[in-house]
Amino acid sequence: MARFHDILLLIGQLNYTWTNTESLLIYLIAGLARVDKETAIVIFLTLNTTRARIELVERLAKTNKTPANQRQEILALTQQLARQAKLRNKYSHCIYSFDETGDLASTQLMAIFDSKDTIKYGKIEQINDAEISRINDVIEQLQGVNKEIWAIVERYSFPR
């Protein structure tokens, strides 16, 4: 059962790290839109998907009033977040299965994939050592994005 607990702890760490990092988009919204933090929080919470929040930050960064160096830094970070969101979404929208010992783990995705004339659903994937390593890598990458967002907030004196 130790592996069962380790996997659940790892998924919890992934979700915690993701949520903590995604919430920092509030400061990028505040700085890019030139609004106070409270207004940025309202905007952030009004957008109910990660994709919408990332797109807003990207669009604000692409406006003419955003200096080119800021734009490039912020777009690089949002691109990283979008890539990392795929793994986070996988583990947030699946069913977990473990064998009776808690050692063999798998996920079953809760999504429908439409093709021209059929549908597929419930893709099953093993949570093996390579997948655990991948999750750990994404957690580390998210921690790096988190630190870089704080550095941007500080460097450009965005509202805190």
Keeping to segment 1-49, report how many residues are of a type outside the set (D, E, K, R), more than 17 Å from GLU140 (Cα to Cα), in contact with a Phe, Trp or Tyr (Cβ under 9 Å, 6 or more places away or on another chain) and modelled with pLDDT under 95. 3
Please go through segment 26-36 and give me each residue that is buried (at least 16 other Cβ atoms within 10 Å of the Cβ) and over 12 Å from SER157 (Cα atoms), ordered by number. ILE26, ILE29, ALA33
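Restricting attention to segment 56-73, which residues are farther than 11 Å from ILE29 by Cα, in a helix (DSSP H, G or I) and of a type outside the set (S, T, N, Q)?
Start the filter on segment 56-73 by keeping residues that are farther than 11 Å from ILE29 by Cα, which leaves 62-73.
Subset that is in a helix (DSSP H, G or I): 68-73.
Within segment 56-73, ALA68, ARG71, GLU73 meet the criteria.
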Where the second residue is of a type in the set (Gly, Ala, Ser) and buried (at least 16 other Cβ atoms within 10 Å of the Cβ) and the first is closer than 11 Å to MET1 by Cα and lies in segment 89-107, which pairs have Cβ atoms under 7 Å and are six or more apart or on separate chains? PHE98/ALA105
Condition (residue is over 21 Å from LEU81 (Cα atoms) and either in contact (Cβ under 8 Å) with a residue 40 or more places away in the chain or of a type outside the set (Gly, Ala, Ser) (or both)) applied to segment 130-138: is it met by at least one residue? no
Test result for GLN70, surrounded by fewer than 16 Cβ atoms within 10 Å (Cβ to Cβ) and either out of contact with any strand residue (DSSP E or B) (no Cβ under 8 Å at 6 or more places or on another chain) or within 22 Å of THR107 (Cβ to Cβ) (or both): no
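The values are calculated or read from the model by the stated rules, or taken from the named source; none is laboratory data. Here the structure is a predicted model, which is why all the values come from computation and not from measurement. All Cβ positions, even for glycine, are placed from backbone atoms using ideal geometry, and neighbour counts span all protein chains on display.
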